[in-house]
Structure formats: structure tokens, C-alpha cells
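Step one of this worksheet: look at the structure below.
Values in this text are rule-based calculations from the coordinates and carry no lab data. Only a predicted model underlies this, so the values are computations on that prediction, with no experimental measurement involved. Positions of Cβ are generated from backbone atoms using ideal geometry, with glycine treated the same way; all protein chains shown enter the neighbour counts.
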Amino acid sequence: MTKLKSTYLDSKEKIAVRDFLFSLFKFKNIVGLVGPDINECLDKYINYGFKNITVYERDVATFIKQMQVVVNYDFNYVLGDVFHANADLEDTLYDLDYCVTVRYMTDHIAKFTKNFIMTFSKRISDEESISTFFKARGEKLIFEEPRKHPIPHTILHANNGSEYVYVSYRHTSNMFCIAKIK
């Protein structure tokens, strides 16, 4: 059974992947999912240069617990599903750390169309994950471009000119991120 994390501070691979992916975006605003440690998440967002932060939590007990431990940050904390966020905000990155397989997030994959980083579990094959992702977006993968630096990743080219960065890593289980870069 996978042990749930209470913080990502000791997750070197996850931190390296997120640092790389966040370096691809220069926006003032972020909408995201906070994860297990709200203070760690907000610190990261501020260190990445975000000025306007909105985070979502759909579990009431987690929301209340995190509100009790959060330190003094200027941010919006929304009780609800990030699916209900406005997906068309300008100058905004969507940090969608779902940590489930793509099978369960096809509506989210279709909704968020620009400036996002989506994180999923690799409990299913890479082939099924990638094909499900592109099918949910109404796109077709036409070309994969492997790269080694600054960390191993692949640029995925879609039939409509869209480009994505795909990065896999090991956390408490095997995970991957897809970031919409074009």
C-alpha cells in the first residue's frame, strides 16, 4: 500500500521536476491544488514569483485542518473542486497535482486548455495514460521529442500545433507530469 506524504520537502525527484516545469512559465497568478502541506505549497508559489495565489481543496476536513496550520499568507483558499475554477484567466498558471490516473480526470483534462502543469499517477501504462490524455483533449499525438537536459523529459507535439512537456519521476509511487507549453 502506498504511504501518503505529509510533506514534499524530502521528495527530491518531485522537487526537481516541479522546479524545471515551473521555470517554463512566467506568470503573476496561479490556481492550484495545495497538497499535503499548505505552508510548503504557498512558500513554493511565492518563491516561484506568483503574486496572486488561489488554491482549492475539496475535502472539508482537510480544508479545516489546513486553515488551522497555515501561517500568514495573502492567498485565496477555496473549498471546492478545482474543476469549478475559471480555466481562461490571463497571466495564470494552473498547477493541477491530481495524483490519480488520467482515467478519472478526463473532464479536467478537457477543461484546462492552456498554461497548466498536470500531475498524474502511473498506475496504468504510459501508452494508456498518453492516449487517454490526448483523447480527452480532442488531439492526436504526432511526434515525441526526447530531451536530456536539464532533466530527462519529452516534448509531445499534437496535431493542432500544441506542445506539451512530459516528465516522469518516482515519488511514493511512479508519477508523471504533463505541462502545456504551446
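Multiply the residue gap between V69 and I142 by 0.36 nm, knock off their C-alpha separation, and tell me the result in nm, one decimal place.
This chain segment gains 21.7 nm when fully extended.
Shape call for segment 113-177 from the C-alpha gyration tensor, a ≥ b ≥ c root eigenvalues: rounded (a/c under 1.5), prolate (a/b greater than b/c) or oblate?
oblate
If the reach is capped at under 16 angstrom between alpha carbons, list the aspartates and glutamates near K14, excluding any in the same chain fewer than eight residues apart.
Here the aspartates and glutamates satisfying the reach criterion relative to K14 are D37, E40, D43, D95, D97.
Averaged across orientations, what area in nm² does the convex hull of the alpha carbons in segment 49-118 project?
Hull-based average projected area comes out at 5.4 nm².
Sorting check: for 48-57, 76-85, 18-27, which peptide has the highest mean count of neighbouring beta carbons within 10 Å, and how do the rest follow?
Output ranking for 48-57, 76-85, 18-27: 48-57, 18-27, 76-85.
Rounded if a/c is under 1.5, else prolate if a/b beats b/c, else oblate: with a ≥ b ≥ c from the C-alpha gyration tensor eigenvalues square-rooted, which is segment 79-141?
Judged from the Cα gyration tensor, segment 79-141 comes out prolate (a/c at least 1.5, a/b above b/c).
What residues qualify as long-range amide H neighbours of R58, i.e. H under 5 Å apart, gap of 5 or more or another chain, H built at 1.01 Å from N?
Excluding prolines and chain starts, which carry no amide H, the hits are G80.
Considering only L96, F83, I15, whose Cα is most displaced toward the positive end of the charge dipole of segment 12-180, charges sitting on Cβ of Lys, Arg (+1) and Asp, Glu (-1)?
After comparing all options, I get I15.
Could you give the dipole magnitude of segment 69-133 about its Cα centre, charging the beta-carbon of Lys and Arg +1 and that of Asp and Glu -1, in debye to the nearest 20?
240 debye
What area, in nm² and to one decimal, does the C-alpha convex hull of segment 12-139 cast on average over all directions?
8.1 nm²
Hey, which of these cross-link pairs are over 31 Å Cα-Cα: K44/K140; K65/K140; K65/K148; K51/K135; K51/K111; K65/K135?
Too far apart for the 31 Å limit: K44/K140; K65/K140; K65/K148; K51/K135; K65/K135.
With the cut-off at 1.5 for a/c, could you classify segment 27-87 from its C-alpha gyration tensor as rounded, prolate or oblate?
Oblate is the answer for segment 27-87, as a/c is 1.5 or above yet b/c matches or exceeds a/b.
Quote to one decimal, in nm, the extra length available between T113 and K51 on full extension: 0.36 nm per residue of separation minus the C-alpha distance between them.
Taking T113 through K51 to full extension adds about 20.1 nm, to one decimal.
Among DSSP beta bridges lying fully in segment 12-180, give the percent that are antiparallel, nearest 5.
55 percent
Please tell me the relative contact order of the chain in percent, rounded to the nearest whole number, where contacts are Cα pairs under 8 Å and at least six residues apart.
20 percent
For F83 paired with R123, estimate the spin-label separation in nm (one decimal), with each label point 7 Å from Cα along the Cα-to-Cβ line.
According to this spin-label approximation, the distance is 1.7 nm.
So how strong a dipole does segment 12-180 carry about its Cα centre when Lys and Arg Cβ are +1 and Asp and Glu Cβ are -1, to the nearest 20 debye?
260 debye
Once you place label points 7 Å from the Cα toward the Cβ at T101 and A61, how far apart are they in nm?
Taking the two extended label points, one gets 2.6 nm.
Per residue of segment 85-91, in order, report the coupling 6.51 cos²θ - 1.76 cosθ + 1.60 (Karplus, θ = phi - 60°) as ³J(HN,Hα) in whole Hz, putting x for Gly and Pro.
5, 5, 8, 10, 5, 6, 6
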